[in-house]
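One structure below.
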Amino acid sequence: MAEQQIRFDDGAAYERTMGIWSRLAGDVFIDWLAPRSDLRWIDIGCGNGAFTELLVERCAPAEVQGIDPSEGQLAFARARPAARLAKFSQGDAMALPFAENRFDAVMMALVIFFVSDPAKAVAEMVRVAAPGGIVATYVWDFLGGGSPSEAIDAELRTMGVTSPRPPSFGASRMDALRDLWTAAGLVAVESREITVQRTFADFDDFWTANILNPRIGPAVAAMTSGDAERLKARLQARLPPDAAGRITYAATANAIRACMPS
């Protein structure tokens, strides 16, 4: 598999391909965190604000800051209802534009394997976290086959087609996450798997959602029309619909949380 920069710049496309998945996993993640109200939150790599909106809707926050490098994603986020409270700014996960001890809850949703230096990003999470604060993430289990795009990735591999993988894909492993959080000096480290299911209206809905993914779409576009049709046929055989034509697919994320020393 090739390794290269993967950019999500289209907020509407991200919503279709990954935003729905992010909220499905994010709901379980927030249930697990069980945070108290009135916390100061930061969502690092907030993208189009899918998870940020959950924080506003569910956590009764005192403040929410969303940081992302993509202005296209941020424009979509700023049009969400969450923008009544959340503030969205351009920034880098490895150089956060905030002072030390700034936030009570420091989150990174589905991002850490896209960061070129995960340890540096975690160090930044720790830097901006207040004493006793929460530092947490969830990320698709890319190497364990838990990605929402694993079905199409698997068929592409079988056909000898390579699609790019995140630059730090190894950081999605549970043991890697635990090593990162422990090395950063965090305490009370806990981890869990989060498995969620998404139901697509039909195969075309599933296909469209996947080819909007900037990891998958260019690889499919580079195929001959015959190979692309063979790929679709293989996927349809792999993902039989229910009686109503719907396709239900599961994905698994690895999640970790810990506390700053008080």
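Every number in this text was worked out from the coordinates using simple rules, so none of it is lab data. These numbers come from a predicted model, not from an experiment. Using ideal geometry, Cβ is built from the backbone for each residue, glycine included, and neighbour counts are taken over all protein chains shown.
Here is how the numbers come out for the structure above:
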{"read-out": "Once the Cα gyration tensor of the chain is diagonalised, semi-axes √(5λ) in Å", "value": "32, 19, 17"}
{"read-out": "Helix-only mean residue ellipticity at 222 nm for the chain, each DSSP H run of n ≥ 4 adding -39500 (n - 2.57), per residue, nearest 500", "value": "-10000 deg cm²/dmol"}
{"read-out": "D (Stokes-Einstein, µm²/s), Kirkwood Cα radius, segment 171-250, 1.306 mPa s at 10 °C", "value": "101"}
{"read-out": "Rounded to 10°, Cα long-axis angle of helix 20-33 versus longest principal axis of the chain", "value": "40"}
{"read-out": "Signed unit charges on C-beta, dipole axis of segment 82-163, positive-most listed residue W140, A154, L96", "value": "L96"}
{"read-out": "Cα-based equivalent ellipsoid, segment 132-183: semi-axes from gyration tensor eigenvalues, Å", "value": "28, 10, 8"}
{"read-out": "Size of electric dipole in segment 159-262: Cβ of Lys, Arg +1 and of Asp, Glu -1, about Cα centre, debye, nearest 20", "value": "140"}
{"read-out": "Vicinal HN-Hα couplings computed from phi for segment 70-85 (Karplus, 6.51 cos²θ - 1.76 cosθ + 1.60; Hz; Gly/Pro x)", "value": "9, 5, x, 5, 5, 4, 5, 4, 5, 8, 7, x, 4, 5, 5, 10"}
{"read-out": "Cα-centred dipole magnitude for the chain, charges only on beta-carbon of K, R (+1) and D, E (-1), debye, nearest 20", "value": "100"}
{"read-out": "Whole-number percent relative contact order across the chain, with pairs defined as alpha carbons under 8 Å at least 6 apart", "value": "23"}
{"read-out": "Relative contact order [Cα under 8 Å, 6+ residues apart], segment 125-262, whole percent", "value": "48"}
{"read-out": "Segment 1-136: C-alpha pair distances exceeding 23 Å, %", "value": "27"}
{"read-out": "Relative contact order (%) - criterion: Cα under 8 Å, at least six apart; region: segment 118-206", "value": "32"}
{"read-out": "Kirkwood Rh (inverse of mean 1/r, distinct Cα pairs), segment 46-101, angstrom", "value": "11.3"}
